[in-house]
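Take a look at the structure set out below.
The values are calculated or read from the model by the stated rules, or taken from the named source; none is laboratory data. Fair warning: this is a prediction, and the values are worked out from it, not measured in the lab. Every residue, glycine among them, receives a Cβ derived from its backbone with ideal geometry; neighbour counts consider all protein chains shown. Surface accessibility is based on the protein's heavy atoms, side chains included, excluding ligands, DNA and RNA. Shrake-Rupley method; radii C 1.70, N 1.55, O 1.52, S 1.80 Å.
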Amino acid sequence: MKKHIILSLAIAAGLSSCEKDLEVYSEPTCRLNFYYDIDATGDFKPEMARSTYSFVYGDPDTRQDTLWVEVESMGFVSDTDRTISLEQVDSAGVENAVAGKHYVAFDDPQMARYYVMPAGKARTKLPIVMLRDASLKDKAVVLRYRIKANDNFQNGYDPFMERSLSFTDHLSEPAKWNYAYPYWEVYTISFADYFGEYGVVKHQFLIDETREKWDDEYIDKLMTGDSNYLTYMLRKMAKRLNEVNADRQAQGLSPLTEADGTPVVIFDPYA
């Protein structure tokens with residue numbers, strides 16, 4: 001019995017010694033990352049940093065809209081508000097968004113009160129304000145942006161430093177159309193694996209037939225929801241496309257095609 005008591009005291013003393021030896025966290029540098037719910041989605045994928053938007057889905061009188069992006073700090077929280085900075089990064093081979101024309105500039109005075117990490121917080125959301133310029137009727141623009149180091153925050157992990165937003169005022173391919181969703185932890189599958197390649201005419205057909213937007217949010221809902229419902233929608237849309245094309249043929253019209261003449265195809269593998 002005496003041996004057990006001595007052993008217990010020795011273990012307790014050892015643990016006490018270890019606790020005293022632990023180094024107190026004292027890193028003064030605070031860093032900032034764009035936040036992604038990795039725990040819910042699995043590994044980070046580059047496409048998670050891309051977003052798409054179209055004004056065409058909303059009220060025709062809407063002159064601007066806002067995308068909210070979440071950021072998370074590393075290091076100590078502060079008992080005072082801390083300013084956050086973003087900056088645009090131009091991309092080659094695309095139509096880059098123009099500050100003041102396509103979006104409200106990150107350093108615009110009206111944005112200052114929003115670009116703040118509130119006191120006592122380690123995570124917050126920042127607004128990206130898109131402007132409905134007339135040029136968006138004919139094209140999509142890309143706003144690539146990143147966290148800019150300032151007196152409050154240094155850069156965090158490289159993969160979490162940048163995001164991009166493609167937006168327009170006409171139908172365009174949603175970012176989630178070809179997004180690789182994990183399936184049974186063995187392989188991935190995309191929305192395109194069900195509904196085929198993207199096309200504006202196909203997109204409009206799906207909207208007309210269902211009164212749904214078939215945007216990123218709706219696609220994500222289909223791909224992460226009940227797989228039976230996804231299969232049901234695929235079969236329903238494939239059937240409706242055949243019916244529409246049959247009606248067009250009866251009227252002496254050609255089947256639905258994209259602007260370049262590519263046939264609109266939705267294949268029902270169970271038919």
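Rounded, prolate or oblate, given the Cα gyration tensor of region 102-215, with a/c below 1.5 counting as rounded?
On the way: a/c = 2.66, a/b = 1.47, b/c = 1.80.
Judged from the Cα gyration tensor, region 102-215 comes out oblate (a/c at least 1.5, b/c at or above a/b).
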>> Place a point 7 Å from the Cα of residue 29 along the Cα-to-Cβ direction; which residues of region 68-85 have their backbone N under 14 Å from it?
In response: 74-76
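So if I average 1/r over every pair of distinct C-alpha atoms in region 134-177 and take the inverse, what Kirkwood radius in Å does that give? Please list the in-between numbers first.
Values: mean 1/r = 0.0785 Å⁻¹.
Kirkwood radius, region 134-177: 12.7 Å.
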>> Within 10 Å, at most 13 other Cβ atoms, and a DSSP state outside H, G, I, E, B define an exposed site. Report the longest part of the chain free of exposed chymotrypsin sites (Phe, Trp or Tyr not before Pro).
In response: 185-266
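What FRET efficiency do you get for residue 108 and residue 77 if R0 is 45 Å and r is their Cβ-Cβ distance, rounded to the nearest 0.05? Don't skip to the end; give the middle numbers.
Details: r = 27 Å, r/R0 = 0.60.
So, using R0 = 45 Å, E works out to roughly 0.95.
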> Is the shape of region 55-170 rounded, prolate or oblate, going by the alpha carbon gyration tensor and its root eigenvalues a ≥ b ≥ c, with a/c under 1.5 for rounded and a/b larger than b/c for prolate?
Replying inline: prolate
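What part of the accessible area of the chain, given as a whole %, is carbon or sulfur when the probe is 1.4 angstrom? Please list the in-between numbers first.
Numbers: 8550 of 16610 Å².
Answer for the chain is 51 percent, counting heavy atoms of protein chains only.
In region 189-253, which trypsin sites (Lys or Arg not before Pro) fall in coil by DSSP and have 13 or fewer other Cβ atoms within 10 Å? Don't jump to the answer; show the numbers that get you there.
Numbers: sites: 202, 211, 213, 221, 235, 236, 239, 240, 248; in loops: 211, 213.
Those that pass, being in a loop and sparsely packed, are 211.
Starting from region 121-210, pick out the GluC sites (Glu not before Pro) whose DSSP state is loop and whose Cβ has at most 16 other Cβ atoms within 10 Å.
Working: sites: 162, 185, 197, 209; in loops: 185, 197.
Of the GluC sites (Glu not before Pro), the ones in loops of region 121-210 whose Cβ has at most 16 other Cβ atoms within 10 Å are 185, 197.
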> At q = 0.12, 0.13, 0.19, 0.22 Å⁻¹, what is the log10 ratio I(q)/I(0) for region 163-232, with the Debye formula run over Cα points and no solvent?
Replying inline: -0.33, -0.38, -0.81, -1.06
> When ligands, DNA and RNA are left out and all protein chains stay put, how many square angstrom of accessible area per residue does region 119-271 have with a 1.4 Å probe?
Replying inline: 56
> To the nearest 0.05, what FRET efficiency results for residue 155 and residue 91 with a Förster distance of 25 Å applied to their C-beta separation?
Replying inline: 0.85
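For the chain, what proportion of DSSP beta bridges, expressed in % and rounded to the nearest 5, is antiparallel?
Numbers: 30 of 39 bridges.
About 75 percent, rounded to the nearest 5.
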> Between residue 211 and residue 63, what is the FRET efficiency for a Förster distance of 30 Å, r being their Cβ-Cβ separation, to the nearest 0.05?
Replying inline: 0.75
> Is the shape of region 150-198 best called rounded, prolate or oblate, per the rule: a/c under 1.5 gives rounded, else a/b larger than b/c gives prolate, else oblate, with a ≥ b ≥ c the square roots of the Cα gyration tensor eigenvalues?
Replying inline: oblate
>> Test of understanding: what is the full-extension gain from residue 220 to residue 135, defined as 0.36 nm times their sequence separation minus their Cα-Cα distance?
In response: 27.7 nm
>> Test of understanding: express the Cα radius of gyration of region 212-271 as a ratio to 2.2 N^0.38 Å, with N the residue count.
In response: 1.32
>> For the chain, take every pair of Cα atoms, bin their distances at 10 Å starting from 0, and report each bin as a whole percent.
In response: 6, 22, 25, 21, 12, 7, 5, 3, 1, 0, 0
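Based on DSSP H runs of at least 4 residues, each adding -39500 (n - 2.57), what is the mean residue ellipticity at 222 nm of the chain after dividing by all its residues, to the nearest 500 deg cm²/dmol? It would help to have the intermediate numbers written out before the result.
Details: 6 runs with 72 residues, N = 271.
Taken over the chain, the calculation gives -8000 deg cm²/dmol.
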> For region 66-74, in order, what is each residue's ³J(HN,Hα) by Karplus, 6.51 cos²θ - 1.76 cosθ + 1.60 with θ = phi - 60°, in whole Hz (x at glycine and Pro)?
Replying inline: 10, 9, 9, 10, 9, 10, 9, 8, 10
